[in-house]
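A short worksheet on the structure shown next.
The values are calculated or read from the model by the stated rules, or taken from the named source; none is laboratory data. Keep in mind it's a predicted model, so treat the numbers as computed, not measured. Quick reminder, even Gly has a Cβ in these numbers, built from the backbone with ideal geometry, and neighbours come from all protein chains shown.
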Amino acid sequence: MAYFGERIYGNFRPTFTQRAKAKRLAPKEKRAKREGNSEAHKLAIQKLPCCIPGCNVVGSEPHHLKHGAAAAERSVGRKATDRWLLPLCHNHHINGVEVDAPNAKREPGWFRDHGIEEPIELAAALWAVSPDAAAMTRIVLAHKTKSR
């Protein structure tokens with residue numbers, strides 16, 4: 001039951017909860033229409049090993065970069081597009097408080113401290129070969145051995 005666009009007679013107005021539910025259940029088409037988003041790329045990132053050198057966890061969480069070229073695509077309540085995704089394991093993604101801080105100031109230092117000098121270049125390389133999972137895995141593994 002959608003409350004937007006319905007003709008309602010009288011003084012009835014949907015409650016905040018009803019409007020929020022209708023909005024939440026509405027089709028999510030904006031994400032797919034945005035240039036640079038790809039469900040295939042996001043799914044391929046989730047199957048890659050963690051990009052942090054020394055971490056051997058396979059099956060990662062996609063992390064949207066917040067600095068560099070990705071910062072130009074961000075705005076209030078809007079993440080960067082999927083072309084700026086990096087694979088991080090749960091431990092590095094969630095427990096690394098600095099990497100998911102609200103602002104992007106700490107993110108480059110966090111990646112440098114964990115052995116990744118150019119995360120923007122790594123994300124761009126993964127986007128260039130996406131959704132070829134084998135090529136993406138080779139890029140991550142080559143990056144991990146180069147960083148040691």
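Descriptive notes on the structure:
- Answer residue from segment 74-117, given it is of a type in the set (A, V, I, L, M, F, W, C) and modelled with pLDDT under 70 and is nearest to Lys42 (Cα to Cα) among those: Val99
- Residues of segment 105-147 that turn out to be of a type in the set (Val, Ile, Thr) and touching a helix residue (DSSP H, G or I) at 6+ places or on another chain (Cβ under 7 Å), as a count: 4
- The residue pairs whose first member lies in segment 110-139 and is without any contact (Cβ under 8 Å) to a residue 12 or more places away in the chain, whose second member is among the small types (Gly, Ala, Ser) and surrounded by fewer than 16 Cβ atoms within 10 Å (Cβ to Cβ), and whose beta carbons are closer than 7 Å, counting only pairs six or more residues apart or on different chains, are Val129/Ala135.
- Segment 134-148 - residue that is at pLDDT 85 or above and of a type in the set (Gly, Ala, Ser) and, of those, surrounded by the fewest Cβ atoms within 10 Å (Cβ to Cβ): Ala134
- Residues being modelled with pLDDT of 80 or more and among the aromatic types (Phe, Trp, Tyr) - total across segment 1-51: 1
- Only residues that are at pLDDT below 85 and either surrounded by 18 or more Cβ atoms within 10 Å (Cβ to Cβ) or among the hydroxyl-bearing types (Ser, Thr, Tyr) (or both) were counted in segment 121-133, giving 1.
- Yes/no for Gly59 being of a type in the set (Gly, Ala, Ser), surrounded by fewer than 19 Cβ atoms within 10 Å (Cβ to Cβ) and at pLDDT below 80: no
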